[in-house]
Structures are given as C-alpha cells and as structure tokens.
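Notes follow once the structure below has been shown.
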Amino acid sequence: MPPASSPQTVGAALEAARRALADHSETPGLDAQTLLAKASGRDRSWILAHPEAQLLPGQIRHFRTSLHRCLSGEALPYVLGEWEFYGRTFQLTQDVLIPRPETELLVETALDFLRHRPGIRLAADVGTGSGCVAVTLLAETADLHVLATDRSLAALRVASQNAIAQKVRSRFHAVEMDLFAGLQRPIDLICANLPYVSTADLDHLPVGRREPRLALDGGPDGLALTGRLLSDLPRCLAPGGRALLEIGAGQGPTLLSYLPEARPRLHAEGMADLAGHDRLMVIDRNAT
C-alpha cells in the first residue's frame, strides 16, 4: 500500500489488502472489506458500492495498522474489537474467546426451554467470557436474570460492558467464581461453554496461539472443567431444571460417566450440530 499521506481510493485499498491477506486468510476479500469498513466508519455495502471514493489520511493509517495486525497473526475479531453473535455485536478483547456460530445452538436450546418455562427468572452462564450467551438470553427474555461467572476478572469486565451496550446490565450479575464453588442456591437453567480442548491438542492448534489459553485448555483429556461441573450438578441444578453444556466432538459418551450416582435424578442426552458433530449435552433433572 502507498504511504498513508497519499490519496487512495476504496477500490485500490481493497485490492491491495486482498492480495496481502491471500496467504493469511481463507476469506481475504471479505476480511479486507470488513477492515476497511471499520477504518472508514462505513458499512460493507457502502464500501462495495463506492470503489472510486477517496479515503482520508486518517482512515488510511487506521486501515494500514489493522491490516498489519492481521498479517502478524492476530485474529480479525480482536483487530476489529468486536464480533457478531446471534444478530448482535459484542465487544471483544484478547481476554475472551471469539464468539462462534456453533454456540448459537446452546442459545437456541436455552431459549426454547425458557419459552416453555415462563416462570424461570434466574439462569446461570458458567465461564461467561465475553458474555455473549448470558447477554443474548437476557436480550431475548424479558424479566430474566442471569448469574454470569468466570475465573477471569478481565473477562467479566468485557461481559459487563456488553451487558451495558445491550441495555441488560440491571439483570446481568457478574461474579468472579470457579465454576459454582460459591453458589448458595440451585439454578433452574445452567449454560456452560467451558474449555474442552485437551492440553496436548491445544499446543498444535492455531487457536491456542491466538485466543486466551485459560478459556480453551480443558486439561489432559479436555474434560477437566466440564467433568467437575457435571459432578456438581446434583447440588447446583434445581428440580425440573436443565443444564446445557457445549462439548467437543466425541466427548459425550465419556462425559456421561461423570453422572453415575446422580443418573436416577438426571437425564442426559447429546445433541449434534448441523455437521453431525457432538456439540451439546442436555441434562434435565426430575421435578421431584
């Protein structure tokens, strides 16, 4: 790209960035459009419709800096400082995981449960991260309150900012907590997207270098935290309640072994995503 002080059109900037990103992204054209939209304060449709428009020097500098961060290996959502989830834009920092579309299955299943149980007024989101699950449930369900827990105080700050941005802060209750260590009462709906990648696998995955390890590392078998939560469900899940746990492919059968003593009261089944992979463990507790 030419010096930031020289005139440059939208079209020229997009083409230069697309070429630069070609070896770094599976969607270089889309990434270039997204970066330029952010740098120019426009949306992607405007960018595509005005290739002849001249960029201002400040816009060019912003675009060049953002492009450099992407070329250096930083994930696009962190460069943008935001990402979309379930139709809403969530603020991000490198203290939290990037929201992923597969987690929307957890949200949809939780919302369906809430629609059929209108008396529920308290849910929990364990390991809330950016708060995308908790905030979405609040935004979609009037009068619901959500206890959002995380071991990371920095993550809770991000989640709280997202709750403010989506105007649900008064019903969003952030607590620094290791799983449910300090829980004082059972919860009717528990949602959890806990780390489920094994330590060994994480060492060889690009995501392990680009996103917070605390939010990804599930221990030697990937089940350390999820297994602990399952073992604690008889205490934490209220009668008639439901727990929804996002899991990794193939982990469902093994996780069922964490529920042997509680199985008469807890009924668990797996739910696959659209690709047919294990994605969600659904645990219902008997009403009595």
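The values are calculated or read from the model by the stated rules, or taken from the named source; none is laboratory data. Keep in mind the model is a prediction, meaning the values are calculated, not measured. With ideal geometry, Cβ positions are generated from the backbone for all residues, glycine too; neighbour counts draw on all protein chains shown.
Could you tell me which residue of the stretch 20-31 is farthest from Glu84 (Cα to Cα), considering only residues that are buried (at least 16 other Cβ atoms within 10 Å of the Cβ) and either in contact with a Ser or Thr (Cβ under 6 Å, 6 or more places away or on another chain) or among the hydrophobic types (A, V, I, L, M, F, W, C) (or both)?
Ala20
Condition test on Phe90, is it modelled with pLDDT of 95 or more and under 20 Å from Ala174 (Cβ atoms)? Show your work before the answer.
On the way: modelled with pLDDT of 95 or more: yes; under 20 Å from Ala174 (Cβ atoms): yes.
Yes; evaluated as a whole, the condition is true for this residue.
Go through the residues of the stretch 120-129 one by one and say whether even a single one is of a type outside the set (A, V, I, L, M, F, W, C) and either free of Cβ contacts under 8 Å to residues at least 40 places away in the same chain or farther than 19 Å from Thr89 by Cα (or both). Spell out how you get there, then give the answer.
Taking the stretch 120-129 as the starting set, the residues that turn out to be of a type outside the set (A, V, I, L, M, F, W, C) are 121, 125, 127-129.
Then keep just the ones that are either free of Cβ contacts under 8 Å to residues at least 40 places away in the same chain or farther than 19 Å from Thr89 by Cα (or both); that gives 121, 127.
Yes, that holds for at least one residue.
Looking at Arg285, is it in contact with a Pro (Cβ under 9 Å, 6 or more places away or on another chain), at pLDDT 85 or above and within 26 Å of Ala215 (Cβ to Cβ)? Give the derivation first.
Details: in contact with a Pro (Cβ under 9 Å, 6 or more places away or on another chain): yes; at pLDDT 85 or above: yes; within 26 Å of Ala215 (Cβ to Cβ): no.
No, not satisfied.
Could you tell me whether the stretch 158-171 includes any residue that is closer than 20 Å to Arg228 by Cβ and under 19 Å from the mean Cα position of the chain (by Cα)? Full working, then the answer.
Start the filter on the stretch 158-171 by keeping residues that are closer than 20 Å to Arg228 by Cβ, which leaves none.
Among the residues of the stretch 158-171, not one is closer than 20 Å to Arg228 by Cβ and under 19 Å from the mean Cα position of the chain (by Cα), which makes the answer no.
Conditions: (1) within 24 Å of Leu137 (Cα to Cα); (2) hydrophobic (A, V, I, L, M, F, W, C); (3) loosely packed, with under 13 Cβ neighbours inside 10 Å. Leu183 meets all but one. Number of the miss?
Unmet condition: (3).
Criterion first (among the polar types (S, T, N, Q), surrounded by fewer than 15 Cβ atoms within 10 Å (Cβ to Cβ) and not assigned by TED's automatic domain parsing to the domain that holds Glu246) does Thr34 satisfy it?
Working: among the polar types (S, T, N, Q): yes; surrounded by fewer than 15 Cβ atoms within 10 Å (Cβ to Cβ): no; not assigned by TED's automatic domain parsing to the domain that holds Glu246: yes.
Against the criterion (among the polar types (S, T, N, Q), surrounded by fewer than 15 Cβ atoms within 10 Å (Cβ to Cβ) and not assigned by TED's automatic domain parsing to the domain that holds Glu246), Thr34 does not qualify.
Residue by residue through the stretch 170-207, note down the ones that are modelled with pLDDT of 90 or more, in a helix (DSSP H, G or I) and among the small types (Gly, Ala, Ser).
Ser170
Are there any pairs, at least 6 apart or on different chains, whose C-beta atoms fall under 7 Å, with the first in the stretch 153-164 and crowded, with 22+ Cβ neighbours inside 10 Å and the second assigned to a helix (DSSP H, G or I), and if so, which?
Every condition considered, the pairs that remain are Ala159/Ala134; Asn162/Val135; Ala163/Val135; Ala163/Arg169.
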